[in-house]
Amino acid sequence: MNLSEPAAYSGELPDRAAAGERGEALRRFREIMVQTDDLSWVDKTLAGLSHKMLWRDDESGASIALVRFEKGSGIPSEHAHASNQFMFCLSGRYTYEPTGITLTPGSFYWNPKGSVHGPTRADEESVLLEVYDGPHYPTQPDWYTSAEDAR
């Protein structure tokens, strides 16, 4: 287990904490803090998009990440997700082109599982907190050349 890499943290406790009654309580109740400034932005294969993975459950596909779109970048075509997508805008202006919905700081957006949306465009550099309650896509979108980017 390596807590210095929180996105890869499995949820397992160190052996010393797992012993006895106290260890059982710690297994059920634990806190994990991630300092996002300490994480590097990781570029995705879609130009202008990078992320900081805060948490991922490999079993369910659920995840929480900060995503950053450079000005002018975005998702190039309409698509749907294999789970519910939740986005909270921290900075910038991020527009869903067909509907004109524009996320600005403080905006919360929920896209239900299977709902077709996009394309999108970052009107300025935009940082969003993005949450999926399951796998991101039913199949890998053609704008990603890496299967890892579609997770």
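Every number here is computed from the coordinates shown, using simple stated rules; none is lab data. As the structure is a computational prediction, the values presented were derived from the model and not from experiment. Cβ placement follows ideal geometry from the backbone for every residue including glycine, while neighbour counts extend to all protein chains displayed.
Using a ≥ b ≥ c from the Cα gyration tensor of segment 35-150 (square roots of the eigenvalues), is it rounded, prolate or oblate, where a/c under 1.5 gives rounded and otherwise the larger of a/b and b/c decides, a/b for prolate? Rounded is the answer for segment 35-150, as its axis ratio a/c remains below 1.5. Candidate cross-link partners of Lys44 among the lysines, defined by an alpha-carbon separation under 18 Å and a same-chain spacing of 8 or more, comprise Lys52, Lys71. Entry note, segment 76-151: relative contact order of 40 percent, from Cα contacts under 8 Å with a spacing of 6+ residues. In terms of the mean number of neighbouring beta-carbon atoms within 10 Å, the peptides 99-108, 128-137 order highest first as 128-137, 99-108. Annotation: extensible slack from Ile32 through Trp110 equals 25.5 nm (criterion: 0.36 nm per residue apart, minus Cα-Cα distance). Report note on the peptides 35-48, 64-77: ranked by the mean count of other C-beta atoms within 10 Å, highest first, their order is 64-77, 35-48.
Taking square-rooted eigenvalues a ≥ b ≥ c of the alpha carbon gyration tensor, is segment 70-127 rounded, prolate or oblate, where a/c under 1.5 means rounded and, failing that, a/b exceeding b/c means prolate? Because a/c hits 1.5 or more and a/b fails to exceed b/c, segment 70-127 counts as oblate.
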